[in-house]
Each structure stands twice: as C-alpha cells, then as structure tokens.
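Before any comments, here is the structure.
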Amino acid sequence: MTRQELFSIQVEELESKYYRKVKTKWDSIAKPLDSLGVFESMTARIAAVQKTERPSCSKAAVLVMCADNGVVEENISQSGQEVTALVAENMGKGKSSVCLMAKAGDVQVIPIDIGINKAEKLENVLDCKVAMGTRNFVKEPAMTEQQAIQAIFTGMKLVQDCKEKGYDILATGEMGIGNTTTSSALAAELLSCNPESVTGKGAGLNEQGLLHKCNVIRDALQRYAPFKDPLYLLQCVGGLDIAGMAGICIGAGIYGVPVVLDGVISVVAAVLANRIVPGVKNYLIASHKSKEPAAEKLLQELRLKPVLDAELALGEGTGAVLLLAMLKPVMAVFYGESTFRTIHMDPYERL
C-alpha cells in the first residue's frame, strides 16, 4: 500500500434504517423505554455497522498488537523492553490478564507480534512483525513511512481475515513497554496540547520520572515539527502497535465490523485512523475511560461516550473485553421472548 492509496480510502456512512429498526425492537421489549441506557443505542449502532436487523456479538475477538519502542532508551519506563516479549509469550500460553478475563467472557484473544524486539517466534503469537521495534524517536524518526503504512495495512488485513472467519465484533488491545510515551506524544500533537496535560505516569513513574517523560516528548515534537499530516506524525513519534490498531479501526470501516476500543493507547490509534480516513469513528465503540489524562480529550474528539469509568489502566484489551462480556447478557434480553405482546401488556408510549 502506498501513501496515496491509504489517504484515498473512503468508508460508507452507516445506514440509519438498521439503527431505527433495532431501536424500535428495543421499544417492543417488556421493560421501561430506554431502561438499558447506552446499550440500546450501542446495539443499534452495531446493527448499522453489520448492516442487519439482527446484530450479533456471539463470536468476538480482541486483537492485541505487541511491539517495542526505541524511546525506552531514554528511561521513560520502569521496565525494559524484554517485558514486552515476556507478556506476549504469556498471552500465547493464555496466562496473561486479558486471556484470563477473555476466557471468562467467551472472547478469543489473538496476540500479534507486529514489532517485538526479539528474533525468535513466540508460540501461539501471530507473526506479523514489521520491524524489531521502533527506533528511539529522540534521535531519529521512530519508523520509516513505509513501515508505518505496512503496520496500518497489517491491522486492516487482520480485520478482513477475522470477518472471513466469522467474527461478529472485534476489539483492540496492545502490549509494549514505552507505549504510554508514544501515545502521549501523539496525543499532545493531535490535540494541540502541551505534554504535561496529556501525559501520565504509565506503569508507576514518580514525579521526577513524569517530568523527564514530558521533556522527552516535548523535545521530540519540536524536533520534527511541523507535522504535515497524521501519517508523518505517526512515523516520527508513534509505535508499531498504535499503527496496527489504527489499521484495525480503518478495517472496521472497510469491512463493516464493529470494533471496541480499549484504553488511551487504543483511542489515540482511533483518532489517528479517523484523521487519515474520516468517518471511521462511526464504526467504533468506546469501552472505558482510561485514567491516563489524555483519554477524555481524545474520546471527545471522536464523540464517543465510554461505558465504564473505573480508572482502568492495564491495557492488553482488558477494558474492551469487559464491555464485550457485558454485551452478551444485553443481547440475551434483545433476543428474548419477553415483549409487551407476549405478556399481554400495553406497551409504554413515548410522550
């Protein structure tokens, strides 16, 4: 895929007729109107994305993009790069946090090596490696333009493959030491904010560490500015995991598969995707509001309202998996037989 081909992608507007039909069906169910809150409009939007009156979340998967970040050289994290491979290996064994949660919620976890700094292939981890991690963006751009495009295309192709395998709904997840730094750098530029307002402590930095992290981000943004477009921004200070998730978001619009976003890193990827391909946001669902400071502002840009506000910051797709698990009992109500007609009760009216 070329730069021109990427920016020429267009996605269709959602067909409102499916949304309306699902909302009408909700009003026929024996319960007070709108009493399942955002889940009623959410399932209606899922129907619009899937182009059906019968939305489905029965076969779900979380695509976990795993990649290393060269900026870790700058001591912006408590952990070293080796942790990325260790956690990805645990995902392959079904032992990481997201795997345990997904098993309880009947969600498939698909870990993907899109840029782990390890030559050996990891068992049960899908090998889509673009590079052995990114470069240190303090010294040079994190990746080449072609690497960024390849990572985006990888995410798009994964959505296509999953749809062909019968998955109804997907979620984004990530694992990569240093990726709260890359996501904060992207957020600062995308939102035109100073780094301090969008950068958090990640996995346990102290105040001095946070200050250093902000300075690293500020220096890098000044080094590469002005940013002519979102792809160039991604290339300079982004990560391969974020590029892959941006591709998943674009793939959602191309292939008509609803995608549930996880935390702030997923949401940064979604904003990038929507800047590259306007309209992609309509195919996305926000699971939760991360406790990272950039999360709320990024969700506001996408005009997405998160369901959960529980100060989650684990990543891996854990917040998205929680929402997917919540959708299943909601769908049971939607497809149940308890309607006003079956229980011989007059329906509620909209006044």
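Assorted remarks:
- Selection from the stretch 1-22 of residues that are more than 30 Å from Asp229 (Cα to Cα) and surrounded by 17 or more Cβ atoms within 10 Å (Cβ to Cβ): Tyr18, Tyr19, Val22
- Test: residue in the stretch 92-110 that is in a helix (DSSP H, G or I), polar (S, T, N, Q) and farther than 19 Å from Met245 by Cβ: no
- For the stretch 27-42, residues that are at pLDDT below 95 and assigned to a helix (DSSP H, G or I) total 2.
- Of the criteria (1) part of a helix (DSSP H, G or I); (2) more than 22 Å from Thr181 (Cα to Cα), which one Thr84 fails: (2)
- Yes/no for Leu308 being closer than 21 Å to Ala104 by Cα and without any contact (Cβ under 8 Å) to a residue 40 or more places away in the chain: yes
- Just one of the listed residues (Pro347, Pro278, Pro306) is in a loop (DSSP other than H, G, I, E, B), under 29 Å from Gly204 (Cβ atoms) and of a type outside the set (A, V, I, L, M, F, W, C), namely Pro306.
The values are calculated or read from the model by the stated rules, or taken from the named source; none is laboratory data. It should be emphasised that the depicted structure is a prediction, and the values quoted were computed from it without experimental measurement. Quick reminder, even Gly has a Cβ in these numbers, built from the backbone with ideal geometry, and neighbours come from all protein chains shown.
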